[in-house]
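The values are calculated or read from the model by the stated rules, or taken from the named source; none is laboratory data. Everything numeric in this text was worked out from a predicted model, so none of it was measured. Neighbour counts are summed over all protein chains in view; Cβ atoms, including those assigned to glycine, are modelled from backbone coordinates with ideal geometry. What goes into the accessible areas is simple: the full protein's heavy atoms, side chains included, and nothing from ligands, DNA or RNA. Shrake-Rupley method; radii C 1.70, N 1.55, O 1.52, S 1.80 Å.
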Amino acid sequence: MTTPRVLVTYGSRHGATAGIAEQIGATLRADGCDADVVPAGSAADVAAYDAVVLGGALYAGRWHADARRFARRHGGELADRPVFLFSSGPIDDSAAKGEVPPAPGVARLAARLGAREHVTFGGSVTAETPGWLARQLLRRGHGGDFRDPERVRSWAHHVAADLNEAESD
Ligand SMILES: Cc1cc2nc3c(=O)[nH]c(=O)nc-3n(C[C@H](O)[C@H](O)[C@H](O)COP(=O)(O)O)c2cc1C
């Protein structure tokens, strides 16, 4: 049985999605995968990996441009290996309560890549988040860190189990 090599890559503007990706990477490593966590803007060598986890922060209903560009650029290589997608977005407990479906553009991308799964995790807008819109959200009482480490960990365990099972076949 060989160790699955997994690329965890993401598009993030203010770091919340990067934090989720780091947590996924750490869980995959704990579960026996060889995982690298790299921003989508600098990830290049997809062919070196057995599987890819790709995540994007949601802004105005779309993934961060780096995640979209990565999917476009590496579409062929991604279609050839197991791909797992995640979005980071909702600034409320909707993601924790149940399945938040992918944004339409992300759903199209998932279909094109033949992604095994897509999951939405809660996002984070806090007083440290720069920008006028973030300030407005907070002023209206809509901010907070809705990332859910337990849910992220549990999903990453499930991805690792899927990949480890494939390697042992
Ligand atoms: C201007 C702005 C627009 C946003 N638009 C969406 C959206 O359309 N859908 C959503 O679920 N979350 C939206 N969010 C929440 C972000 O996706 C969330 O804060 C995410 O965790 C940010 O990740 P990042 O820090 O990695 O950039 C928005 C946040 C801001 C500040």
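Checked against the criterion of being over 15 Å from the mean Cα position of the chain (by Cα), modelled with pLDDT of 95 or more and more than 10 Å from the ligand (Cβ to nearest atom), the candidates GLY114, GLY141, GLY98 yield just one match: GLY114.
Within the range 90-148, the residues that satisfy the criterion of being over 29 Å from HIS158 (Cβ atoms) and open to solvent by 80 Å² or more (accessible area, probe 1.4 Å) are ALA127, GLU128, TRP132, LEU133, ARG135, ARG139, ARG140, HIS142. Set side by side, the residues TYR59, TYR49 differ, and just one is within 15 Å of the ligand (Cβ to nearest atom), touching a residue at least 24 places away in the same chain (Cβ under 8 Å) and of a type in the set (Ser, Thr, Tyr), which is TYR59. Residues in the range 14-39 that are away from the ligand (no atom under 11 Å from the Cβ), assigned to a loop (DSSP other than H, G, I, E, B) and either touching a strand residue (DSSP E or B) at 6+ places or on another chain (Cβ under 8 Å) or among the hydrophobic types (A, V, I, L, M, F, W, C) (or both): CYS33 only. Cβ-Cβ distances below 7 Å connect the following pairs, each with a first residue in the range 9-28 that is touching a residue at least 12 places away in the same chain (Cβ under 8 Å), a second residue that is more than 13 Å from the ligand (Cβ to nearest atom) and among the charged types (D, E, K, R), and a separation of six or more residues or different chains: GLN23/ARG153; THR27/ARG153.
Sort out which residues of the range 62-71 are open to solvent by 10 Å² or more (accessible area, probe 1.4 Å) and either within 7 Å of the ligand (Cβ to nearest atom) or in contact with a helix residue (DSSP H, G or I) (Cβ under 6 Å, 6 or more places away or on another chain) (or both), and write them in order of number. Matches in the range 62-71: ARG62, HIS64.
Listed conditions (1) open to solvent by less than 30 Å² (accessible area, probe 1.4 Å); (2) farther than 20 Å from ALA156 by Cα are all met by PHE86, apart from (2). Please specify each residue of the range 126-169 satisfying the condition of being basic (Lys, Arg) and free of Cβ contacts under 8 Å to residues at least 24 places away in the same chain. The answer is ARG135, ARG139, ARG140. Scanning the range 1-32 for residues that are open to solvent by less than 30 Å² (accessible area, probe 1.4 Å) and either touching a Leu at 6+ places or on another chain (Cβ under 6 Å) or modelled with pLDDT under 95 (or both) yields PRO4, VAL6, THR9.
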